[in-house]
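We did not get these values from a lab; they are worked out from the coordinates using the rules stated. Keep in mind it's a predicted model, so treat the numbers as computed, not measured. Using ideal geometry, Cβ is built from the backbone for each residue, glycine included, and neighbour counts are taken over all protein chains shown.
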Amino acid sequence: MFELELNGQQRMLKDALADLGKNVVRPQSLSWDRKKDIDPEFLRTFYGMSQALKGDANPMEDFQEGPKHRDTSKPSQANRTAAIGAEELAWADASIMLSLPGAGLGGPPLRGSGTPEQRERFFGIFRDMTDELKWGAYGLTEPGAGSDVAAIRTSCRKDGDAYVLNGRKCYITNGARASWVVIFATVDASLGRAGHRAFVVERGTPGFSVGKIEEKMGLRANETAELVLEDCRVPVENLLGGEEKYTSKEGFMTAMKTFDNTRPLVAAMAIGIGRAAYEYAADFVKDNYVLSRPIPRYAAIAERLARVGRRLEAARMLTWKAVWMADHYLPNAKEASMSKALAGQAAIAACIDAIEICGAHGTLSEDHALLEKWFRDIKVYDIFEGTGQIQRIVISKRLISDLRGF
Ligand SMILES: Cc1cc2nc3c(=O)[nH]c(=O)nc-3n(C[C@H](O)[C@H](O)[C@H](O)COP(=O)(O)OP(=O)(O)OC[C@H]3O[C@@H](n4cnc5c(N)ncnc54)[C@H](O)[C@@H]3O)c2cc1C
């Protein structure tokens with residue numbers, strides 16, 4: 001039975017993160033956005049604080065690595081806990097959520113498809129970050145291959161004890177600072193998905209370099225980089241899962257399985273930003289209007305707030321269902337896409353409505369610029385990890401195949 005109740009540890013974690021977000025992160029959020037960077041010392045301190053919350057429930061680690069226990073008779077809480085943490089941290093500042101040290105989006109494919117040796121080797125570097133913060137990243141998108149994942153052109157050719165990679169990856173979150181990146185390439189583009197391979201490419205490998213760092217509309221304090229592979233020799237041991245794993249469409253499945261775990265967490269982040277805007281607008285209304293007055297204008301504002309709140313709550317329920325399914329090892333591709341499609345739209349609407357509800361005040365961009373920042377930050381949540389249109393295609397395909405089953 002799908003459970004909605006948080007356990008005691010999750011409630012404690014949510015409260016602790018909310019407190020940290022409100023008192024420590026939020027006050028600095030606008031200055032990072034203007035600087036387009038997060039002070040490394042702050043990141044280090046924040047990382048230390050997050051470690052203090054460590055236990056079974058560690059949203060940063062769970063988000064980055066996915067569930068640790070694969071025993072299907074013992075459901076995990078890792079995805080649910082990660083969703084709760086992701087919402088709270090994005091409520092505080094989505095750029096810091098995405099900039100946290102650790103494996104990041106590179107974690108799920110490594111955990112899902114890596115051999116035990118590869119997991120130990122590449123996750124192992126994050127165990128000690130006393131002297132240096134470290135990141136992992138996920139490199140799938142290319143110019144000309146975003147939504148159409150099967151169209152990637154980065155090539156890999158086996159040569160002795162290495163694969164030689166050539167191509168470009170774009171819009172890679174934390175790509176320039178990453179110690180390693182899971183790079184998707186193809187042995188033969190004409191094979192489509194069956195030709196895909198996933199490699200862990202380490203920073204410093206000859207032929208692997210950083211191209212431009214993108215200037216973005218939102219999430220400006222989080223790094224988004226272009227990566228270049230020019231005759232880059234990647235050792236065979238870095239082929240994710242080993243060669244035997246690629247007898248079918250495993251390379252592509254690695255990318256897709258990642259999305260089933262990460263899309264609900266992206267949805268949770270969107271809900272966090274949407275909730276931030278909603279709460280801001282609700283406070284503004286409380287301070288400036290008496291909603292019980294029988295004047296149509298007030299009723300219209302109350303109805304708008306109710307619609308925003310209702311849609312965010314619905315998106316959270318779908319998200320929690322998707323993570324509950326992941327924690328119970330149930331196939332959740334449809335629910336993962338549903339949660340992301342709804343959360344992205346609900347949170348964008350929340351940010352727009354919040355600005356409109358606040359009237360002229362909502363357009364200010366000095367002391368009150370958080371509304372403006374959230375408005376810029378939120379749009380990409382309906383684009384990365386699969387656009388809204390792509391989610392709706394995934395959902396409709398799954399719905400139709402479910403119907404055929406009747
Ligand atoms: C801030 C940021 C961070 C990112 N981080 C990463 C990362 O870490 N790693 C990574 O690999 N990628 C990352 N991305 C890339 C992201 O996943 C892609 O931008 C996204 O998948 C969309 O691809 P695209 O930009 O090429 O758009 P396109 O695929 O070209 O789509 C353009 C438009 O066409 C629509 N469209 C495309 N195909 C169809 C279709 N079949 N039917 C209907 N409509 C369609 C889309 O919905 C969209 O509206 C990031 C992007 C951003 C902006």
Which of Tyr381, Tyr298, Tyr329 fluctuates most in a GNM of the chain (C-alpha springs under 10 Å)? That residue is Tyr298
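Report the net charge of residues surrounding Ala341, where surrounding means a beta-carbon distance below 10 angstrom and charges are Lys +1, Arg +1, Asp -1, Glu -1.
Numbers: positive: Arg263, Lys340, Arg392; negative: Asp382.
Result for the local shell: +2.
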Ranked Lys321, Lys36, criterion: other C-beta atoms within 10 Å, fewest first:
Lys36, Lys321
Entries of Lys212/Lys340; Lys14/Lys373; Lys134/Lys397; Lys36/Lys397; Lys22/Lys379 with Cα pairs more than 31 Å apart:
Lys134/Lys397; Lys36/Lys397
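Which of Glu202, Glu244, Glu226, Glu335 comes first, and how do the rest follow, when ranked by fewest Cβ neighbours within 10 Å? Each step should come with its number before you reach the end.
On the way: Glu202 17, Glu244 7, Glu226 20, Glu335 24.
Neighbour counts put them in this order, fewest first: Glu244, Glu202, Glu226, Glu335.
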So the label point goes 7 Å from the Cα of Glu303 along Cα→C-beta, right? Which residues of region 326-350 then have their backbone N under 18 Å from it?
350
Indicate, rounded to the nearest 5 percent, the antiparallel portion of the DSSP beta bridges found entirely in the chain.
80 percent
What number comes out for the charge environment of Gly218, summing +1 per Lys or Arg and -1 per Asp or Glu over other residues with Cβ under 9 Å away?
+3
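Quick check: residue separation of Lys158 and Ser365 times 0.36 nm, minus the Cα distance between them. What number comes out in nm?
Numbers: separation 207, 0.36 × 207 = 74.52 nm, distance 5.35 nm.
Full extension of this stretch gives 69.2 nm more.
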Between the Cα axis of helix 333-357 and the main Cα principal axis of the chain, the angle (0 to 90°, nearest 10) is 40 degrees
In vacuum, with every alpha carbon of region 136-249 counted as one equal point scatterer, what does the Debye formula give for log10 I(q)/I(0) at q = 0.13, 0.18, 0.19, 0.23 Å⁻¹? Two decimals, please.
-0.45, -0.85, -0.94, -1.33
Placing each pseudo-label 7 Å from Cα in the direction of the beta carbon, Val236 and Glu117 end up separated by a distance in nanometres of 1.1 nm
Sorted by Cβ neighbour density within 10 Å, fewest at the top, the residues Thr247, Thr258, Thr115
Thr247, Thr115, Thr258
GNM flexibility winner over the chain from Pro109, Pro296, Pro206 (Cα, springs under 10 Å):
Pro296
Debye sum, Cα scatterers, region 251-404, no solvent: what log₁₀ I/I(0) at q = 0.09, 0.16, 0.20 1/Å?
-0.34, -0.84, -1.12
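Roughly what % of DSSP beta bridges within region 136-249 run antiparallel, to the nearest 5?
Numbers: 27 of 32 bridges.
Once the DSSP bridges in region 136-249 are tallied, antiparallel ones form about 85 percent.
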Amide H neighbours of Gly102 at under 5 Å, excluding residues fewer than 5 places away on the same chain, with H built from the backbone geometry, are Lys134, Trp135, Gly136
For the chain the mean separation of alpha carbon contacts under 8 Å (6+ apart) over residue count, i.e. relative contact order in percent, is 17 percent
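If you stretched the chain out fully between Ser401 and Ile295, how much longer would it get, using 0.36 nm times the residue separation minus the C-alpha to C-alpha distance? Walk me through the numbers before you get to the answer.
Numbers: separation 106, 0.36 × 106 = 38.16 nm, distance 4.93 nm.
This chain segment gains 33.2 nm when fully extended.
Over every pair of different alpha-carbon atoms in the chain, take the mean of 1/r and invert it; report that Kirkwood radius in Å.
Mean inverse Cα-Cα distance, inverted, gives 21.9 Å.
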